[in-house]
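A short write-up of the structure that comes next.
The values are calculated or read from the model by the stated rules, or taken from the named source; none is laboratory data. What you are looking at is a predicted structure, and each value in this text was computed from that prediction instead of being measured. Don't worry about glycine lacking a Cβ; one is built from the backbone with ideal geometry, like all the others, and counts go over all protein chains shown.
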Amino acid sequence: MQKLVLASNNAGKVREFRALLAPLNFEVIPQGELGIPAAEEPHHTFVENALAKARHASASSGMPALADDSGICAHALNGAPGVYSARYAGLNGDDAANNHKLIAALKDQSNRGAHYVCALVMVQSEYDPEPLIVQTRWYGEFIDTPKGAHGFGYDPYFYLPALGKTAAELEPEEKNRISHRGQALRELIAQLQKRA
């Protein structure tokens with residue numbers, strides 16, 4: 001089993017990546033278990049932040065690393081909160097505060113379209129000159145009333161019209177198949193297989 005440092009300590013992401021990578025014989029180790037602090041995320045794009053996190057985790061561990069930068073982009077808000085999704089309500093904000101702020105920002109908007117973005121980057125080492133990079137989107141609508149007990153972040157408010165459910169109403173296995181992160185990981189796996 002190959003060890004892979006995940007440049008995240010987000011429990012929801014750790015669960016998803018472990019489930020998605022287990023069949024490929026990857027042992028996903030959250031960076032916190034190795035005493036690696038979170039990397040700075042100063043960039044304005046998901047890809048740049050993910051690359052910075054992956055290089056930081058690999059440099060600190062001496063192991064291959066996987067990082068994602070993901071968030072939700074509201075169409076009526078020119079893509080906000082975007083890369084600031086996790087800290088939309090401030091550095092001390094939590095999921096509830098972030099969702100409350102986004103609901104307030106969309107209050108008078110007729111366009112409730114939104115999409116999740118996932119930029120996924122894998123490096124073999126800190127200075128890997130050919131990082132694997134994938135970016136995907138998952139489209140839906142933002143609603144005012146949360147539904148569902150699964151998922152995390154904005155999932156209870158992210159409605160999927162084709163399914164008639166929010167992301168938080170999906171069983172974890174179904175979400176992993178169709179989510180932005182699931183899509184990105186499948187694309188990353190396809191790239192890994194081409195390199196093998």
- Selection from the stretch 67-92 of residues assigned to a loop (DSSP other than H, G, I, E, B) and touching a helix residue (DSSP H, G or I) at 6+ places or on another chain (Cβ under 6 Å) yields Tyr88, Ala89
- Query: Within the stretch 123-131, is even one residue of a type in the set (Gly, Ala, Ser) and part of a helix (DSSP H, G or I)?
  - Reply: no
- Note on the structure: Scanning the stretch 23-66 for residues that are assigned to a helix (DSSP H, G or I) and touching a helix residue (DSSP H, G or I) at 6+ places or on another chain (Cβ under 8 Å), the one farthest from Ala80 (Cα to Cα) turns out to be Leu24
- Report, ordered by the first and then the second residue, all pairs with beta carbons closer than 7 Å, sequence separation of six or more or different chains, a first member in the stretch 6-27 that is acidic (Asp, Glu), and a second member that is in a helix (DSSP H, G or I) and surrounded by fewer than 20 Cβ atoms within 10 Å (Cβ to Cβ). Glu16/Asn176
- Query: For Ile29, are the conditions met, namely being at pLDDT 95 or above, under 16 Å from the mean Cα position of the chain (by Cα) and under 26 Å from Leu170 (Cα atoms)?
  - Reply: no
- Test Tyr127 against the stated conditions and say whether it is loosely packed, with under 14 Cβ neighbours inside 10 Å, at pLDDT 95 or above, among the hydroxyl-bearing types (Ser, Thr, Tyr) and closer than 28 Å to Arg186 by Cα. yes
- Going through the stretch 131-185 in order, the residues found to be in contact with a strand residue (DSSP E or B) (Cβ under 7 Å, 6 or more places away or on another chain), among the small types (Gly, Ala, Ser), closer than 20 Å to Asp95 by Cα and touching a residue at least 24 places away in the same chain (Cβ under 8 Å) are Gly140, Ala167, Ser179
- Could you say which residue among Glu48, Glu40, Glu27 is over 30 Å from Asp108 (Cα atoms), surrounded by 14 or more Cβ atoms within 10 Å (Cβ to Cβ) and among the acidic types (Asp, Glu)? Glu48
